[in-house]
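Asks: Have a look at the structure that comes next, please.
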Amino acid sequence: MGGYVNNAAVFLVDTFFGLYILVVLIRFMLQWLRADFYNPVSQFIVAVTNPPLRVLRRFIPGLWGMDLASLGLLLGLSMIKSWLLFSMVGLPSTFLGVLVYSIGELLQLTVYVFIFTIFVRVILSWIAPHQGYNPVLRLLYDLTEPIMAPARRLIPPIAALDISPILVFVFLYLTLMLIVQPILDFGLLLNR
């Protein structure tokens, strides 16, 4: 019976921390990529993440236009989540191991956000290529265009078919395999 309760607890911790970390990460990405903050979706994200960030900004200033308080909150939440999950499943943990593993998880989540948003953008471009203003579509465009534009310069559209997302997907999956996974493995190694 204890295994079932522990599995449920692991699921709840992973889900609730994961969702909030995702929202804070999207807020950071929106700021970093200079997305439209008057978008209703952006306003929701700002409203959900503002309470802890307002407190953190008193102690953590921004640097070069980057919101370091958001990064601090991301890293802190990710470290708490990793430490809780390691403890719940009985894995040993060290501060450095949890720190490295958390950085790897945040990088992994960032890559997955790019993969998901580009995938949705591609599908929506097939379904409704010339739809009017939609706040969600605008947000997807704002998040993906900084990574799509360089790929489009390398591979321009061929007969009105844009195949540059394939290049971006290859790049993102190689990033997961060659950069993110070694960081995660190193974090786990430091926890032994």
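Asks: Counting just the residues of the stretch 1-45 that are part of a helix (DSSP H, G or I), in contact (Cβ under 8 Å) with a residue 40 or more places away in the chain and small (Gly, Ala, Ser), which one comes out nearest to LEU85 (Cα to Cα)?
Replies: Within the stretch 1-45, the match that is nearest to LEU85 (Cα to Cα) is ALA9.
Asks: Here's a follow-up. Please enumerate the residues belonging to the stretch 83-96 that are in contact (Cβ under 8 Å) with a residue 24 or more places away in the chain and either of a type in the set (A, V, I, L, M, F, W, C) or assigned to a helix (DSSP H, G or I) (or both).
Replies: Matches in the stretch 83-96: LEU84, LEU85, PHE86, MET88, VAL89, LEU91, LEU96.
Asks: Here are some conditions: (1) more than 27 Å from LEU139 (Cα to Cα); (2) in contact with a Pro (Cβ under 7 Å, 6 or more places away or on another chain). ASN39 meets all but one. Which one does it not meet?
Replies: Going through the list (1) more than 27 Å from LEU139 (Cα to Cα); (2) in contact with a Pro (Cβ under 7 Å, 6 or more places away or on another chain), ASN39 breaks only (1).
Asks: Let me ask something else about it. PHE59 - would you say it is farther than 18 Å from TYR20 by Cβ, among the aromatic types (Phe, Trp, Tyr) and touching a Phe, Trp or Tyr at 6+ places or on another chain (Cβ under 9 Å)?
Replies: No: the conditions fail for PHE59.
Asks: Could you list, in sequence order, the residues of the stretch 54-78 that are surrounded by 12 or more Cβ atoms within 10 Å (Cβ to Cβ), assigned to a helix (DSSP H, G or I) and over 15 Å from the mean Cα position of the chain (by Cα)?
Replies: Once the filter is applied, which keeps residues that are surrounded by 12 or more Cβ atoms within 10 Å (Cβ to Cβ), assigned to a helix (DSSP H, G or I) and over 15 Å from the mean Cα position of the chain (by Cα), the stretch 54-78 yields VAL55, LEU56, LEU68, ALA69.
We did not get these values from a lab; they are worked out from the coordinates using the rules stated. Model, not experiment: these values are computed from the prediction. Ideal geometry is used to build each Cβ from the backbone, glycine not excepted, and the neighbour counts take in all protein chains shown.
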